[in-house]
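Heads up: the structure comes next, in structure tokens.
The values are calculated or read from the model by the stated rules, or taken from the named source; none is laboratory data. All of these numbers come straight from a predicted model, not from anything done at the bench. So basically every Cβ, Gly included, is an ideal-geometry build from the backbone, and we count neighbours across all protein chains shown. Heavy atoms of the whole protein, side chains included, go into the accessibility calculation; ligands, DNA and RNA do not. Shrake-Rupley method; radii C 1.70, N 1.55, O 1.52, S 1.80 Å.
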Amino acid sequence: QVQLVESGGGLVQAGGSLRLSCAASGITFSINEMGWYRQAPGKERELVARIDNGGSTNYADSVKGRFTISRDNAKKTVSLQMNSLKPEDTAVYYCNVNAVGGSYFVSMDYWGKGTLVTVSS
């Protein structure tokens with residue numbers, strides 16, 4: 001059974017920092033990209049940051065220079081260090097893992113249940 005377990009969300013004042021972590025288990029395919037998405041109330045889910053299995057990263061413009069994504073391939077974990085947090089960063093943050101495998105190189109996306117980040121002004 002595939003599980004993505006997120007941790008590290010919470011309440012922080014503007015300008016503060018939080019670190020999110022996500023541990024994947026039960027994935028038998030080869031993990032390709034790992035990432036974080038977020039969804040604020042009344043808004044669509046959006047990409048925050050992602051990292052491929054070679055270490056290349058991609059960030060949303062709104063978080064560049066403030067957030068840093070990293071991964072540990074051996075432990076199948078992905079983390080998001082969030083600094084200089086702003087009230088507009090308030091959202092539920094979701095861990096995402098893309099894996100590829102099988103005879104037909106099927107691509108599968110897995111999602112965590114989400115962790116709430118609240119930034120007060």
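What to note about this one:
- Beta bridges from DSSP with both residues in the chain: antiparallel share about 90 percent, rounded to the nearest 5.
- Ordering G26, N73, N83 by the projection of their Cα atoms onto the charge dipole of the chain, which places +1 on the Cβ of Lys and Arg and -1 on the Cβ of Asp and Glu, puts N83 at the extreme positive end.
- Expressed as a whole percent, the accessible surface of region 35-113 that belongs to carbon and sulfur atoms is 48, based on a 1.4 Å probe.
- Classification of region 43-98 by its C-alpha gyration tensor yields a prolate form. The axis ratio a/c (a ≥ b ≥ c) is 1.5 or more, and a/b outweighs b/c.
- Loop-located trypsin sites (Lys or Arg not before Pro) in region 61-90, at most 15 other Cβ atoms within 10 Å (DSSP): K64, R66, K75
- Residues S25, S79 ordered from highest to lowest accessible area at a 1.4 Å probe: S25, S79.
- If you count Lys pairs in the chain whose Cα atoms are under 22 Å apart, skipping same-chain pairs closer than 8 places in sequence, the total is 6.
- Highest mean packing comes first when the peptides 100-109, 34-43 are listed by Cβ atoms within 10 Å, giving 34-43, 100-109.
- Of the whole protein surface, C95 contributes about 0 Å² of accessible area at a 1.4 Å probe radius.
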